[in-house]
Amino acid sequence: MSAPEALKGTPSTRSAPSTPLYGQFPTALGFSVREQSRNRLAALLLVLFVPLWYLLMTSIAGDKDLEFKLYATGELLSVDGTHVTLITAGMNSLTMISGFVVFDAVRKALNFDKRLAFAGFRQSTLIGAKMLAIGIVAGTIALYTALALLIYWRPGLSGWATVLAGFVAMTLTYGSLGLLLGVLVKNDLEGFFLIIMGGLTDTFLQNPLGNPAANKPVLQYFPSFGPMQFSVGGSLGDTVMWRYLGFGLIWAASFAVIGLIVFHLRTRSRRPTR
């Protein structure tokens, strides 16, 4: 049963007094997680596309050694191009899947969220439920993508944990971008185009294999820069750079704040006050 259908069949959400405040958050969270996790196409992409994408990128990368610059130390690492490409491929798949999942769910549930607000649900409750649902879905997607990476590369426990953290930051960033686009753009095609093209451009520019200018300072202004630096530094250079992981989380928070402001404006109850 979809969220709007659930609302029709739930008398307790028809008016504010019949919905206890302490029961609003679990209800809103359940609806948000359900909407974001029921996308079958995204689930299929996650289960099948990610391993195949790793395989394709591994065959393209070959055994070429590359130089990757760590901006925290200014050091140029000599790394296996396959390993850097696998990290890039994982982040690329994360941008598309997480952005697509959240964008599609937010777009479909926006009118339902307006009805919840009209029925007496606090906007702070709806916003909190949205963000927690994004965090749950993003963490699940990032964990699966990091586990699939082990089929092609075993960086060790600490290195893998670093890659996983970078993947989580990347997933949160594009999940938050999906939230922003979901409440902002008017058509599905516009949102899908921005997510796909933005994610492809963002992640592949960080890889020296396909971009000779990958070590240029201009790439510091891209959302994937921080997670990429953190993941490569921890898994290939034994240098954990928490500050760069924070850069990725700042991008995620920025997209989320702007998206939630727009969400707040679009779900305001316009009932006349007596």
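For the range 133-274, what is the accessible area per residue in Å², given a 1.4 Å probe and the full set of protein chains?
Per residue, the range 133-274 has 47 Å² of solvent-accessible surface.
How much of the accessible area of the chain, probe 1.4 Å, is carbon plus sulfur, in whole percent?
Solvent-exposed carbon and sulfur of the chain make up 65 percent of the total.
If the elastic network links every pair of Cα atoms under 10 Å, which of L56, L236, L189 fluctuates the most in the Gaussian network model of the chain?
L189
Where is the GNM fluctuation largest for the chain (alpha-carbon springs, 10 angstrom cutoff): N187, N215, N92?
Most flexible of the set in this elastic network: N187.
Which angle between 0 and 90 degrees, to the nearest 10, do you get for helix 188-204 versus the longest principal axis of the chain when only C-alpha atoms count?
Helix 188-204 and the main axis of the chain meet at about 30 degrees.
Can you give the FRET efficiency for L76 and I136, using 1/(1 + (r/R0)^6), R0 = 41 Å, r = Cβ-Cβ distance, to the nearest 0.05?
Approximately 0.60, to the nearest 0.05.
Using only helices, what value at 222 nm comes out for the chain when you add -39,500 (n - 2.57) per DSSP H run of length 4 or more and divide by the total residues, to the nearest 500 deg cm²/dmol?
Helix-only estimate at 222 nm: -23500 deg cm²/dmol.
Run the 1.4 Å probe and let me know the accessible area of E190, rounded to the nearest 10 Å².
Ignoring ligands and nucleic acids, E190 comes out at about 80 Å².
Between the alpha-carbon centers of the range 234-250 and the range 149-174, tell me the distance in whole angstrom.
The distance from the Cα centre of the range 234-250 to that of the range 149-174 comes to 11 Å.
Once amide H atoms are placed 1.01 Å from N in the peptide plane, what residues at a sequence separation of 5 or more from K69, or on another chain, have their amide H within under 5 Å of its amide H?
L77
Where does the range 25-266 land on Rg/Rh, using Cα atoms and the Kirkwood Rh? Could you put the intermediate results ahead of the total?
Numbers: Rg = 18.0 Å, Rh = 18.1 Å.
Radius of gyration relative to Kirkwood radius: 1.00.
Taking the Cβ of L70 as the center, what net charge do the other residues with Cβ under 13 Å away carry, scoring Lys and Arg +1 and Asp and Glu -1?
Details: positive: K69, R243; negative: E67, E75, D238.
The answer is -1.
Straight-line reach from K108: which aspartates and glutamates have Cα under 17 Å away, leaving out those fewer than 8 places along the same chain?
Result set, ordered by chain and number: E5, E35, D188, E190.
Kindly sort F255, F121 by accessible area of their heavy atoms, largest first, with the probe set to 1.4 Å.
F255, F121
Restricting to Cα pairs below 8 Å that are 6+ residues apart, what does the relative contact order work out to for the chain? Please round to a whole percent.
After rounding, I find 24 percent.
So, in Å, what gap is there between the alpha-carbon centers of the range 99-132 and the range 30-63?
Between the Cα centres of the range 99-132 and the range 30-63 lies a distance of 24 Å.
Please give the contour-minus-distance gain from F49 to S37: 0.36 nm per residue of separation, less the Cα-Cα distance, rounded to one decimal in nm. Numbers along the way, then the final one.
Values: separation 12, 0.36 × 12 = 4.32 nm, distance 1.70 nm.
My answer for the length gained is 2.6 nm.
Among L44, L181, L116, which one shows the highest mean-square fluctuation when the chain is modelled as a Gaussian network with alpha-carbon springs under 10 Å?
L44
Taking θ as phi - 60°, what are the ³J(HN,Hα) couplings along the range 229-243 by the Karplus curve (6.51, -1.76, 1.60), each to the nearest whole Hz, with x for Gly and Pro?
Along the range 229-243, the couplings run 4, 5, 5, 5, x, x, 9, 10, x, 6, 10, 8, 10, 4, 4 Hz.
Can you list the HN-Hα couplings for the range 217-224, worked out from phi with the Karplus curve (6.51, -1.76, 1.60; θ = phi - 60°), rounded to whole Hz and with x for Gly and Pro?
x, 4, 6, 5, 9, 9, x, 7
Straight-line reach only, C-alpha to C-alpha below 25 angstrom: list the lysines that K69 could link to, leaving out same-chain residues fewer than 8 apart.
The reachable lysines, counting only those whose Cα sits under 25 Å from K69, are K216.
Between I151 and residues 5 or more places away or on another chain, which pairs have amide H atoms under 5 Å apart, with H built 1.01 Å from N, and which residues are they?
Those qualifying (amide H under 5 Å, at least 5 residues apart or on another chain) number zero.
For helix 81-118, what angle does its Cα long axis make with the longest principal axis of the chain, in degrees from 0 to 90 and rounded to 10?
The angle comes out near 10 degrees.
How far, in degrees from 0 to 90, does helix 123-149 lean away from the longest principal axis of the Cα atoms of the chain, to the nearest 10?
30 degrees
Alpha carbons only, please: Rg and Dmax for the range 122-274, in angstrom.
17.6, 65
The values are calculated or read from the model by the stated rules, or taken from the named source; none is laboratory data. Quick caveat, the model's predicted, so the values are computed rather than measured. Positions of Cβ are backbone-derived with ideal geometry, glycine not excepted, and every protein chain shown enters the neighbour counts. Ligands, DNA and RNA are excluded from the accessible area calculation, which covers all protein heavy atoms including side chains. Shrake-Rupley method; radii C 1.70, N 1.55, O 1.52, S 1.80 Å.
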